[in-house]
Amino acid sequence: MLKNTVWLLMLSAALSQPNEHNNTIRIISDTMECDQQKNICIATGNAFAEHPHDPDKRTIRAEKFIALFEKMNQNAQLKKGETNKSDLNKIEAHGHVVITDKDTVILCDTAIYDHPTQTIELFGNVKITNEQNQLNGTYGHADLKTKKYRVTNKGSQVEGLFVNANKKAKK
């Protein structure tokens, strides 16, 4: 177990993203335990993740992360000293989750971030706030590419708060 670790996970460059900085995920936590055989890292205590070079400044914070990786080129012939590369597949965030994306803040109890699709499933006490507008419910889905958000509330209605911007009349 690594204590007070800053863990920089360099992911292999995706074909659609020529700049390798676009694929860097930085995870910081109080402790981190990684198992390369099982393709998993567990970050516990003040867990924080970000794309350091992301223009939308996307971040996620929680009490605990479980980062799941997918091996790339498993059947490829490797040269001596070379290892299979892994790409981040999902981050499960548990406990007081806070997700930021440019002008949006998302709060919930648990979130599952799907890295390839850039979508997030949200569970428990979901609040999605964009500027002064807010959606509240018990379950939600966020698509970070399209900026579309959906909130549901099992057994009751969803609450939405929408504030009109005060526009000054032209003189």
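The values are calculated or read from the model by the stated rules, or taken from the named source; none is laboratory data. Since the structure is predicted, the reported quantities are computational estimates derived from the model, not experimental observations. Methodologically, a virtual Cβ is constructed for each residue, glycine included, from the backbone with ideal geometry; neighbour enumeration extends over all protein chains shown.
Is it fair to say residue 10 is modelled with pLDDT under 65, surrounded by fewer than 17 Cβ atoms within 10 Å (Cβ to Cβ), of a type outside the set (Phe, Trp, Tyr) and touching a Ser or Thr at 6+ places or on another chain (Cβ under 7 Å)?
On the way: modelled with pLDDT under 65: yes; surrounded by fewer than 17 Cβ atoms within 10 Å (Cβ to Cβ): yes; of a type outside the set (Phe, Trp, Tyr): yes; touching a Ser or Thr at 6+ places or on another chain (Cβ under 7 Å): yes.
Yes.
Only one of 105, 126, 151 is over 18 Å from residue 63 (Cα atoms) and either of a type in the set (Val, Ile, Thr) or touching a Pro at 6+ places or on another chain (Cβ under 7 Å) (or both). Can you tell me which?
Working: 105 fails: over 18 Å from residue 63 (Cα atoms); 126 fails: over 18 Å from residue 63 (Cα atoms).
Result of the check over 105, 126, 151: 151.
Would you list the strands (runs of 3 or more DSSP E) that sit entirely within region 23-82 and hold 1 or more residues that are on the phi > 0 side of the Ramachandran plot and at pLDDT below 95?
On the way: elements: 24-35, 40-50, 59-71.
Once the strands (runs of 3 or more DSSP E) in region 23-82 are filtered for at least 1 residues that are on the phi > 0 side of the Ramachandran plot and at pLDDT below 95, nothing remains.
Which one of 110, 117, 104 is under 12 Å from the mean Cα position of the chain (by Cα), under 24 Å from residue 139 (Cβ atoms), among the β-branched types (Val, Ile, Thr) and modelled with pLDDT under 95?
Numbers: 110 fails: modelled with pLDDT under 95; 104 fails: under 12 Å from the mean Cα position of the chain (by Cα).
Result: 117 is the single residue among 110, 117, 104 that is under 12 Å from the mean Cα position of the chain (by Cα), under 24 Å from residue 139 (Cβ atoms), among the β-branched types (Val, Ile, Thr) and modelled with pLDDT under 95.
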